[in-house]
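Working notes, structure below.
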Amino acid sequence: MGNSSDSSASKLQIVGTPIGNLGDLSERAAEAFRSCDLVACEDTRVTGKLLNHLQIERPMISYRDANEREVAEQLLSQLQSGKTITLVSDAGVPTISDPGFRITRLCQKHGIPVTPIPGPCAFITALSASGLPTDSFLFIGFLPPKKAARQRIFTEYSDFPHTLVFYESTHRIEKCLKDMELVYGSERYVSVAKELTKLHERIHTDRLGKLKDDVLRRSLKGEFVVMVAADSFEL
Ligand code: SAM
């Protein structure tokens, strides 16, 4: 059970969950669910399925972009009254292009222990298999949705000497690759990782011109991580 009788033991547990394959759920993640008083998650239906799979019942509270400010305050008072909270997102590591920053910051500010329980993160998983340099990279999260803003970012990083990594959604991947080619040209090495750890996983690394045609010939349904090599890189 939780730690509600011992206020000194209260803490926020930031727990990574699978990005597609339930086999990637760690023992420590399962234990974090079992040992907490409350689970803060984005979508209670998504996390409810995970808890169901583990045969664990815990109260859940929805903590998402739209209510993050208000729910973070509620979570803080629960922590201050001695509760232990497990924070998860729908998939991957909370706070990485996902909610969680506000409550983590509040805990740091109020001296409440925060403990990370690592799990899969889409961009680290993608980078590890990309064949692009991983010794130094910049992760920029999601690109802006508007074409002009996106191209500004590409231009800003066109001479960047390290690998550039970002997330892209299924309905923007086509535009993203086309815009990227306008700025970087067709010879730049790029890697696109799709549906990692799932049935239709594919990690494709090639020169942008060739890769774009190949990616666009296939189904564009799914989740994507896009990585761009420095101009000087040769596979
Ligand atoms: N917190 C998550 C993490 O640790 O990776 C990221 C959440 S962000 C809202 C969701 C984005 O991550 C997707 O749009 C996609 O770009 C990427 N992503 C998540 N799961 C993925 C997967 N299985 N394969 C490829 N990309 C994935």
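A few points about this structure:
- Evaluation of GLU234 against (1) out of contact with any helix residue (DSSP H, G or I) (no Cβ under 8 Å at 6 or more places or on another chain); (2) within 21 Å of ILE96 (Cβ to Cβ); (3) among the acidic types (Asp, Glu) (one fails), failing number: (2)
- Any hit, region 90-101, residues being assigned to a strand (DSSP E or B), farther than 18 Å from ARG34 by Cβ and among the small types (Gly, Ala, Ser): yes
- Complete set of residues in region 175-201 that are surrounded by fewer than 15 Cβ atoms within 10 Å (Cβ to Cβ) and within 14 Å of the ligand (Cβ to nearest atom): LYS198, LEU199, HIS200
- Enumerated helices (runs of 4 or more DSSP H) restricted to region 17-88, each holding at least 1 residues that are among the aliphatic types (A, V, I, L, M) and over 22 Å from VAL114 (Cβ atoms): 44-54
- Hits in region 123-159 (condition: farther than 20 Å from HIS204 by Cα, within 16 Å of the ligand (Cβ to nearest atom) and either of a type in the set (Ser, Thr, Tyr) or not assigned by TED's automatic domain parsing to the domain that holds LEU196 (or both)): none
- Residue count for region 219-233 under the criterion of being surrounded by 23 or more Cβ atoms within 10 Å (Cβ to Cβ) and part of a loop (DSSP other than H, G, I, E, B): the result is 1.
The values are calculated or read from the model by the stated rules, or taken from the named source; none is laboratory data. The structure presented is a predicted model; accordingly, all values stated were derived computationally and were not measured. With ideal geometry, Cβ positions are generated from the backbone for all residues, glycine too; neighbour counts draw on all protein chains shown.
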